[in-house]
Amino acid sequence: MRAYLPAYELVVTRTLEDALALLRDEPGAWRPLAGGTDLMVLLEAGRLEHRKFFSVRQLAELRGIEESDGHVTIGALTTYTEVQRSRVLAREFPMLVRAAGETGGVAIQNRGTLGGNIANASPAADSPPALLAYGAEVELVSSRGSRWVAYADFHTGYKQTLMQPDELIARVRLPRPREGARHFYRKVGTRRAQAISKVCFAGLAELDGGVVREVRIALGSVAPVVLRCRRTEALLRGRRLDAESAGAALEEIAKEIAPIDDVRSTARYRARVARNLLAEFLAPPF
Amino acid sequence: MKRGDVSETPGEANETRLDAGRARGSADEERPGADAARGKVSVRCIVNGEAVVLHAYPLARLLDVLREELRLTGTKEGCGEGECGACSVILDGELVNSCLVPVAQVLGAEIKTVEGVADGERLHAVQQAMIECGGAQCGICTPGMVLAALSLLERNPRPTEADIREGLAGNLCRCTGYMKIFDAVVKAVASSQ
């Protein structure tokens, strides 16, 4: 059933300061709307429960991609299209660019934003596994100030996050990976465009002479949250990457994920695909 | 026209301030948008080259406002959830699904719908090729396909077949099986070189 439009509000604030003042004055009353690619779907379906929104799309403060020595920092309003057009992201963060290219179609990529994808907190979202594998941090701003949190700690349960009611996602910061690192991203869905993932895998590994110096592994659609597989990573870190360590990792990841049966796939299929993707990520030649 | 430029609907008893930043300074309302203001808003924008003022609830879908207020019914509704692309329009130079755009966000924007594609009676090369190749059957997807193709050609005047497939991947067609639509885009590219 369609939504009753007069029940909803959408204000367009001119500055970030104005937006943060709304959040401060009535904590929990206002929620941000960026590209609308998730919220407008709920609206049309008559399932948009929240009523008061403020548009963040026009806030220039939340745009842009910046490089520093150790990091690349991406504004929360950066669209999937902008991610794909960025040279520095293409060069150093190919998994994020690939995730952006496999989210929806062109029209969705022109509207959907990185910050929105994070805030929507879907366990099936496509950019979060890449962000987790890159060790992202998220900047949360409020009228009280700003704080950076590890993205790996951000999602606390199904559709739950550690954000306070007066906070807004401002930027995402990614540490620049070492040259020669292995970046492995794979989304498995019914078709390439538009499909929501059955399983989504992102892995980053840095090796020193065959020994795993650093590894980060993240999966989408296999748990109530996008999952960073820390126990599997811990098994690999510091070890020589060979058939034995890879075998141990495959056993561990099966225990670490918690896939379910739903409209898109089955728990059994997801568990199998997750293992297969990890095996491909860890396969030689490195 | 700059963003942030807004006028309120005259005669509405209970107006929504669309621009909270501006309203902040006004004397009669200290906390703009904080009251349960549930009126329609007026949104100035440009549609197919013409300046218009849209009157609608702020979260109304651009799709509905185009069709019902401006009577531009070339833009179709398919799925209503951003899957099918039938409602595609070009917003500030970018292809978007108009079913997912709340009208309050098109303040000051330039919008092109399928009605703005032809030059008077002269069809655009993509439209002409769609007719010649049999790319339109029932016609529901056609306006979206035309705008997706236009948007692709704007960025990439010489697309490969893979580029065309990717550019139209967000537009579903249940009649043609797509090949005639891809053929039409190839033909349009050839005819405009």
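Coordinate-derived values only; no laboratory data. Since the structure is predicted, the reported quantities are computational estimates derived from the model, not experimental observations. For neighbour counting, all protein chains shown are included, and Cβ atoms are generated from backbone atoms with ideal geometry for every residue, glycine included.
Points to keep in mind about this one:
- Rounded to whole Hz, the Karplus (6.51, -1.76, 1.60) HN-Hα couplings of segment A:117-133, x for glycine and proline: 4, 6, 5, 5, 6, 7, x, 9, 5, 8, 7, x, x, 5, 4, 5, 5
- Peptide B:143-152 shows a mean partner chain C-beta count of 1 within 10 Å per residue C-beta.
- Residues whose amide H falls under 5 Å from that of A:T113, counting only those 5 or more places apart or on a different chain, are A:G35, with hydrogens built in the peptide plane.
- Whether segment A:122-195 is rounded, prolate or oblate, judged on the alpha carbon gyration tensor where a/c under 1.5 counts as rounded: oblate
- Within chain A, helix-based [θ] at 222 nm, where runs of 4 or more DSSP H residues each add -39,500 (n - 2.57), nearest 500: -8500 deg cm²/dmol
- Structural descriptor for segment A:177-226: relative contact order 30 percent, calculated from alpha carbon pairs under 8 angstrom and at least 6 residues apart.
- Tensor-based shape of segment B:112-193 (alpha-carbon gyration tensor, a/c under 1.5 rounded, otherwise prolate or oblate): rounded
- Per residue of peptide B:104-111, the mean number of Cβ atoms on other chains within 10 Å of the residue Cβ is 3.
- Set A:K187/B:K76; B:K76/B:K180; A:K52/B:K112; B:K76/B:K112; A:K52/A:K159; A:K52/B:K40 screened for pairs whose C-alpha atoms are more than 22 Å apart: A:K187/B:K76; A:K52/B:K112
- Among the GluC sites (Glu not before Pro) in segment B:101-155, those located in a DSSP loop and surrounded by at most 12 other Cβ atoms within 10 Å of their own Cβ are B:E121.
- Under the Karplus curve 6.51 cos²θ - 1.76 cosθ + 1.60, θ = phi - 60°, whole-Hz ³J(HN,Hα) for segment A:246-259, x wherever Gly or Pro sits: 5, x, 5, 5, 5, 5, 5, 5, 4, 7, 7, 8, 9, x
- Averaging over all projection directions, the Cα-based convex hull of segment A:60-175 occupies 6.9 nm² in the image plane.
- Built amide H within the under 5 Å cut-off of B:A169, gap 5+: A:V106
- In this structure, the amide hydrogen of A:T156, modeled 1.01 Å from its nitrogen in the peptide plane, lies closer than 5 angstrom to those of A:T161, A:L162, counting only residues at least 5 positions away or on a different chain.
- Cα gyration tensor shape for segment A:182-282, rounded if a/c is under 1.5, else prolate or oblate: prolate
- A simple rule links phi to the HN-Hα coupling: the Karplus curve 6.51 cos²θ - 1.76 cosθ + 1.60 with θ = phi - 60°, which for segment A:200-208 gives 9, 10, 9, x, 10, 9, 10, 10, 10 Hz, with x for Gly and Pro.
- Sparse-neighbourhood loop sites, GluC sites (Glu not before Pro) in segment A:29-120 - DSSP loop, at most 11 other Cβ within 10 angstrom: A:E49
- Segments B:187-193, B:81-87 sorted - mean Cβ within 10 Å per residue, highest first: B:81-87, B:187-193
- Each principal axis of the Cα cloud of chain A was taken in turn, and the coordinate range along them, longest first, works out to 61, 45, 31 Å.
- Of the trypsin sites (Lys or Arg not before Pro) found in segment A:161-231, those that fall in a DSSP loop while having at most 15 other beta-carbon atoms within 10 Å are A:R178, A:R191, A:R192.
- Set of aspartates and glutamates with alpha-carbon distance to A:K255 below 16 Å, sequence-local pairs under 8 removed: A:E233
- Average other protein chain Cβ within 10 Å of Cβ, residues A:40-46: 6
- Spherically averaged projected area in nm², based on the convex hull that wraps the Cα atoms of segment A:5-55: 3.6 nm²
- Per-selection metrics, the protein assembly as shown (Cα): Rg and Dmax in Å: 23.5, 76
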